[in-house]
Structure formats: structure tokens, C-alpha cells
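Chemist: Could you have a look at this structure, given as C-alpha cells, before my questions?
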Amino acid sequence: MSQKHPVVAVTGSSGAGTSTVKKAFEHIFRRENISPVIVEGDSFHAFDRAAMKVEMAKHEDKGNRFFSHFGENANEFGKLAELFESYSKSGTGQKRYYLHSEPEAVEHNARLGVDKKPGEFTPWEDIETGSDLMFYEGLHGLVKTENNNVAQH
């Protein structure tokens, strides 16, 4: 792990408690005056909500009942590995948000001057400079495939 730009990854599936752990860490960061970059794993899915439904139907029509948000074909593992690598080396990189709800959409639309709906992604943006660490919460923080190795960073 980079000592200058450390990455903390909390991984787990829906319902495993990663969001609760994230909230606990946010309280610790605030109390200890630590400035994190928070990255949510959902933002590295390859498809927004509507497109994922279409992709799942296509795969099911072909007899593939294993296509899901867990697999490599439904995620941007390359972009995730790039972020982990660039952050650990220089404290830089890009992220985006997956908008789960209307309040999240309103918040990010106002911040970015866009008009995105729940189930869509915000545009990619440079992460904030001057952070103390990157905190990743989601499914694939330690993923290793033939093409990508997020865990090495």
C-alpha cells in the first residue's frame, strides 16, 4: 500500500454491511480531521439501470443466466484498476456516481449542472486534490481477473 496515498477498500455484496461500515469510517474521518476521497463501487458498473435490464434480457435470450453486476462483463474493472493505480501513485484519478435515488440525483445535478435521473451515472470527473486517502466501498475492491488486478494497488 502506498504510504503517501493509501487506499482503504471495504468490499462486500448488498446487505453485507459495507454501507454501515462506510458511515462509521466517515465519522472517524470527520473526528480525526482526515480528508478522504470516497468512491462507491456501484459507479464502476458498465451499464446504468435501464441498459442493465436490456443486457440481462439479451444474455438470458442466449441462454446465459449468469450475467449480473458481479461479473467482469457488467463492470468497468479497467477503469477501477486505473483509479486505484493512479491514486496510489499520485493521489489523482477519476470517479463518477451511480444515482440510486431522486435526492442523490438532485444533489449531483446541482453540483455538476447536469440533468441525470435515478438509475443513471454522473459524468466522470477528476477526484478532489489534497486528500489524505481513498476509501472504496463496494463489490470489487479486491478484484483480480486475467485483464485487471485492482488488489495489487
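Each value in this text was obtained by applying a stated rule to the coordinates, not by laboratory testing. Computed from a predicted structure; not experimentally measured. Reconstructed Cβ throughout: ideal geometry from the backbone, glycine too, with neighbour counts over all protein chains shown.
Chemist: Counting Lys +1, Arg +1, Asp -1, Glu -1, what net charge surrounds LYS89 among other residues with beta carbon under 12 Å of its beta carbon?
Modeler: -1
Chemist: With a ≥ b ≥ c taken as the square roots of the eigenvalues of the C-alpha gyration tensor of the range 37-104, please select rounded if a/c is under 1.5 and otherwise prolate if a/b is larger than b/c or oblate if it is not?
Modeler: Oblate, since a/c reaches 1.5 and b/c is not below a/b.
Chemist: Per DSSP H run of at least 4 residues, take -39500 (n - 2.57); add these up for the chain, divide by its residues and hand me the 222 nm value, nearest 500 deg cm²/dmol.
Modeler: -11000 deg cm²/dmol
Chemist: If the reach is capped at under 20 angstrom between alpha carbons, list the lysines near LYS53, excluding any in the same chain fewer than eight residues apart.
Modeler: Excluding near neighbours in sequence, the set is LYS62, LYS116, LYS117.
Chemist: Read phi for every residue in the range 6-19 and hand back ³J(HN,Hα) as whole Hz from Karplus 6.51 cos²θ - 1.76 cosθ + 1.60, θ = phi - 60°, with x for Gly and Pro.
Modeler: Each residue of the range 6-19 in turn: x, 10, 10, 10, 10, 10, x, 7, 3, x, 7, x, 5, 5 Hz.
Chemist: Taking the 0 to 90 degree range and rounding to the nearest ten, how far is the long axis of helix 49-61 tilted relative to the main principal axis of the chain, both from C-alpha atoms?
Modeler: It works out to around 40 degrees.
Chemist: For THR145, what residues show an amide H to amide H distance below 5 Å, using hydrogens built from the backbone and excluding near sequence neighbours?
Modeler: Result for THR145 returns VAL150.
Chemist: Once you have the Cα-Cα distance between LYS23 and GLU60, take 0.36 nm times their residue separation minus that, and quote the gain in nm to one decimal.
Modeler: Extra length available between LYS23 and GLU60 comes to 9.7 nm.
Chemist: List the lysines whose Cα sits under 27 Å from the Cα of LYS89, skipping any in the same chain fewer than 8 residues away.
Modeler: Within the straight-line limit of under 27 Å, LYS89 reaches these lysines: LYS4, LYS22, LYS23, LYS79, LYS144.
Chemist: What is the distance, in nm, between label points placed 7 Å from the Cα along the Cα-to-Cβ direction at THR145 and at GLN3?
Modeler: 3.4
Chemist: Further question on the same structure: Which whole-number percentage describes the relative contact order of the chain, with Cα contacts under 8 Å and a sequence gap of 6 or more?
Modeler: Taking the mean separation of contacting Cα pairs over the length of the chain, I get 41 percent.
Chemist: Under 1.5 on a/c is rounded, so check that first for the range 1-72, then, if it is not, pick prolate when a/b is larger than b/c and oblate when it is not; a ≥ b ≥ c are the square roots of the alpha carbon gyration tensor eigenvalues.
Modeler: prolate
Chemist: Per-residue HN-Hα couplings for the range 88-96, Karplus 6.51 cos²θ - 1.76 cosθ + 1.60 at θ = phi - 60°, whole Hz, x for Gly and Pro?
Modeler: My calculation for the range 88-96 gives 5, 7, 9, x, 10, x, 10, 9, 8 Hz in order.
Chemist: For the chain, take the longest principal axis of its alpha carbons; what is the angle in degrees between that and the long axis of helix 102-112, to the nearest 10 within 0 to 90?
Modeler: Long axis of 102-112 versus the principal axis of the chain: about 60 degrees.
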